[in-house]
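Novice: The structure is given below, and queries will be raised subsequently.
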Amino acid sequence: EREPPPSPDAVGGTAAQGALGEATGAALLRRHAVARLPLRGECGTSSAARRLRAARRRAARGADASLHVLLVGEPGTLKMDVAKLILYSSERRKRPAAQLGCQQLAAFGSRTASAAREGETCEIDVGKHAARLIADVAAALAQRGGGTLLLRDVHALPAGAFGAVRRLLSAPAGYEGVRVIATASRAVPELTAGASATSEGALTTLRVPPLRVRREDIAAEAGYFLRYARGGAVGPTSVTESGLAALQAHDWPGNEAELQGVMERAVVMQSAGKVRRDKALAAGLSTAPLPPLDEAVLWPDPRARRGEQLRYDLLRGWPPLRMLMRADFWPQGLMRSVVVPAFALFNLVLLFGPQARADNAALTIFWAYWWPGILITYPLVGRLWCSFCPFMAYGDMVQRWRLNSGAALKSWPTDALDRYGGWFLFGLFALILEWEEVWLLEDHARLSSALLLLITAGAVVGSALFEKRVWCRHLCPIGGMNGIMAKLAVTEVRAERGVCSATCSSYGCYRGSDTVIPSTVASLDNSEGLVTAGCPLGVHPANLTDNADCVLCGVCIKACPHGSVQLNLRPPAIDLWTTHEPKRHEVSLLFLLLGAVFCHRLPEAAALLGVGGDVAAAVATTAQDAASSDVIATHIAVATVALAWPGLLALGGHMLGNLVDSASSTGHGSRGRGGFLTEA
Ligand code: SF4
Ligand code: SF4
Ligand code: SF4
C-alpha cells in the first residue's frame, strides 16, 4: 500500500480552495477504497473483551455513534478490524468510505524529497502533502453527502498533517458529515489535546487491550484464526490441550497478529498441502478433519532463546560432521546393516546360551557394559542411544513393511498421550525395577532377553499401528529415562526460529518431503532438503525447549533446505535454568530412579536399619529360590516401599514446609511460592 505520487489536484490543494473536481474526487475514493474484509471483532468472554465489545457497539449504533473514534492499542491488536466493524455495523455503512495508511504517508519521502514527474523535479513537503491528501479525501466524502474516513496508525502522521485531522475532528461527525475512525499504537496528544467527549464533533477513545491481559480469550482467538487460516481447505479443526497450554503460556508481544501468524504456520505444517474441501469431495478424497494442532506445530515465540549466545554450532564449525549427519548410514543404514542382526544374535545367545552370568558374555555385556555405558553418554550426547536403538530398529522395520504394503497408519491420540503417556511409562518402569529386583534379572539370561523383547514388542506394536515413533516419544520407559537425563547434555539439536518463521514454507524437518527441496542458501548445495519422512518423534527442532524429545537422529538436518538446523555445543544442562518446564511424570520418574538405588540394595539396607526376621530373609531371596509365594509377596512389598520412599519423603517435606510457611507471620514462604514440581 505504497502511496503513489500525488495527483496535481491533490498537490495543488484544490480541496483547500473548495474546488475538488467530481472526477478527481471519485478517483481519490476509488484509490483509497476500504477493503471490506477482514471483519472481525474481539473473540472471547474476558472482561476486557466484553468492555471493548460494548464500547464498539456504542460507537457503531449507540450513544457514541455521532462521535469521531480513536482506537488505541499495541501493535498487532488488529485495531483496523475493529474500526471496520464499527463502520460496517453503523448506520453509515452504505455511505462512501475511504482509508489512508498514515505510516505510508509519512514514508512517502523525506521533508525535502524530490519526485521526478514528466521530466520535472518538484520539491514536496511530506506533511503538507499528507494534510492536503486527507483534506481532499474528506472533501470528496463531503461532496457525496458525508462518509467515513479510516486513518490507520494516525500517530505516525508527519507533524505537518495533524492540523488537517484536527480540523476534521472539530467538525461534527453527524450523518451528513465526515466521520473519522482512526487507529494508533500510542496516545496521540497531537489530536486529543483539548478534545472533549461531551461536545458535538468530539472524539471518543477506545482502548484495545493487548492479548496478554486476555489470556482466557486465547482459545477463542486461536479457534477463529484456525478457521480463517484453513479457509475452505481440509485441515485441522482444533488445538490439543497441550497446544492450548503452550499458547496460553506465551506473552504475545505481537498480539493477535502474532497469534494469527502462528496459526497460519501451524495449519501449513499440519496439512500436507491444502486441498479445498469441495475439490477433495469431487476427487473422492477424505474430507475428515486432520488431527488437532499440537504443541509441536505451535511455536509462538520468534525471539531468541535465552542463553543463545552460549551455543556453538558444530555443523558450521566442523563440516565433516554435517556430512556424517546427512549420510544415509546415519542412522538408518547403521540400524539396518548392524543393529538389527547384532540384536538378533544377542538375544539368541541370551535365550539359548548358558544361563549363568559368569558363562554368558551377552548377559555381562547387557548388565555390566551397556546399562552403565548409556548412563555415561547422557551428559555428552543426551538421547543419542535412541537414534540407533535395536528396539526401535525392529519397530522401524515393521513400520516400513506396513507402509510398503499400503497400510494407513493412524495419527497419534495426542491429548490422551500427553495426559497418560508419561504415567504409563512411569508405571512400566516401576514394574520393570521390581521384576529386576525380585527375579534378579541380571543373573538370568532368558529373563533378561524377555525384558529386551518386551520393550521391542512395545516399539513394534506402536510403529505398526501409529505413524512415526509414538512409543519412543510417549511410552517407552527407557526413552523416558533417557529423555530426563538428556537434559544434562552438552549437545543439542535446535533450529533458528527466525529463519524458520521468515523463510520456510516447506517445514520438511517436521512434515518430511517426497522430493528434494532446493536450497535457498547460496553456501549450501542445491540438494539441501533431502527426502525424509520428517522428525520421527514428531517434534519441530525450532520448538524444542529441552532435549527430552530429541534423539539426535539428524533427520531434520537432512530435511532442512535453509540450513536452519544446528547441532550445538552448549553449557551442560542449560535448559534447566532457561527454557525447561518441569512435568509431573518426569519428577516422579526421577524419584523412582532414586528409589531404585535403595531397591537394589535391600539386604544391605535391612542390615543397616536392623531389620531382621522374615523380612530380611525375604529380601535376600530371589523369586526363583523362594520357598513360598509369601516370601515373594514380602520381597515385592519391601521393594515397592524402597522405590516410593524418596518421592514420598520429598513430598512430605514440601507439605510440612508449606504448613510452617502458612503458620509464619508472612504466610507465604519460599516453599509456598514455587510449588512441589519446581522445588523437586
Ligand atoms: S525410546 Fe525406547 S524404544 Fe525408542 S529408541 Fe529409545 S530406548 Fe529405543
Ligand atoms: S528447520 Fe528448516 S525445514 Fe524446518 S521449518 Fe526451519 S527452515 Fe523449514
Ligand atoms: S528434532 Fe531433529 S534430530 Fe531431534 S529427533 Fe527430531 S529429527 Fe531427530
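Novice: Given TRP401, TRP439, TRP435, which one is of a type outside the set (Ser, Thr, Tyr) and in contact (Cβ under 8 Å) with a residue 40 or more places away in the chain?
Specialist: Testing whether each residue is of a type outside the set (Ser, Thr, Tyr) and in contact (Cβ under 8 Å) with a residue 40 or more places away in the chain leaves just TRP439.
Novice: To continue, here is another question. Could you grab the pairs with beta carbons closer than 6 Å, sequence gap of 6+ or different chains, first residue in the range 15-28 and under 20 Å from LYS128 (Cα atoms), second one modelled with pLDDT under 85 and open to solvent by less than 80 Å² (accessible area, probe 1.4 Å)?
Specialist: Cβ pairs passing all conditions: LEU20/THR14; THR24/ASP9.
Novice: Moving on to the next point. Would you tally the residues in the range 461-503 being over 20 Å from THR578 (Cα atoms) and in a loop (DSSP other than H, G, I, E, B)?
Specialist: Looking only at that region, the number is 4.
Novice: Tally the residues that are over 23 Å from GLY25 (Cβ atoms) and either among the aliphatic types (A, V, I, L, M) or modelled with pLDDT under 85 (or both), restricting the search to the range 161-189.
Specialist: 3
Novice: Hey, can you tell me all the residues within the range 484-512 that are touching a helix residue (DSSP H, G or I) at 6+ places or on another chain (Cβ under 8 Å), within 14 Å of ligand 2 (Cβ to nearest atom) and open to solvent by 20 Å² or more (accessible area, probe 1.4 Å)?
Specialist: GLU496, ARG497, SER501, SER505, TYR510, ARG511
Novice: Oh, and also: Assess whether LEU409 counts as being without any contact (Cβ under 8 Å) to a residue 60 or more places away in the chain, within 29 Å of the chain's Cα centre (by Cα) and farther than 20 Å from LEU452 by Cα.
Specialist: yes
Novice: Next up: Out of everything in the range 568-583 that is within 20 Å of the chain's Cα centre (by Cα) and open to solvent by 10 Å² or more (accessible area, probe 1.4 Å), what residue ends up being nearest to ligand 3 (Cβ to nearest atom)?
Specialist: Looking at residues that are within 20 Å of the chain's Cα centre (by Cα) and open to solvent by 10 Å² or more (accessible area, probe 1.4 Å), I get THR579.
Novice: So in the range 225-263, with the set limited to residues that are over 13 Å from the mean Cα position of the chain (by Cα) and of a type in the set (Val, Ile, Thr), which one is surrounded by the fewest Cβ atoms within 10 Å (Cβ to Cβ)?
Specialist: Ranking the candidates gives THR237 first.
Yes/no matrix, rows are residues, columns are (1) assigned by TED's automatic domain parsing to the domain that holds ALA33; (2) among the aliphatic types (A, V, I, L, M); (3) crowded, with 24+ Cβ neighbours inside 10 Å; (4) closer than 21 Å to VAL72 by Cα:
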| residue | (1), (2), (3), (4) |
| --- | --- |
| VAL137 | yes, yes, yes, no |
| HIS155 | yes, no, no, yes |
| ALA159 | yes, yes, no, yes |
| GLY163 | yes, no, no, yes |
| ARG166 | yes, no, no, yes |
| GLY177 | yes, no, no, no |
| SER185 | yes, no, no, yes |
| VAL188 | yes, yes, no, yes |
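Novice: Could you say which residue among LEU334, LEU375, LEU380, LEU384 is surrounded by 15 or more Cβ atoms within 10 Å (Cβ to Cβ) and farther than 22 Å from ALA464 by Cα?
Specialist: Exactly one of LEU334, LEU375, LEU380, LEU384 is surrounded by 15 or more Cβ atoms within 10 Å (Cβ to Cβ) and farther than 22 Å from ALA464 by Cα, namely LEU384.
The values are calculated or read from the model by the stated rules, or taken from the named source; none is laboratory data. All values reported here derive from a predicted model rather than from experimental measurement. No Cβ is skipped: glycine too gets one built from the backbone with ideal geometry, and neighbour counts run over all protein chains shown. To get the accessible areas, we keep the full protein, side chains included, count just its heavy atoms, and leave off ligands, DNA and RNA. Shrake-Rupley method; radii C 1.70, N 1.55, O 1.52, S 1.80 Å.
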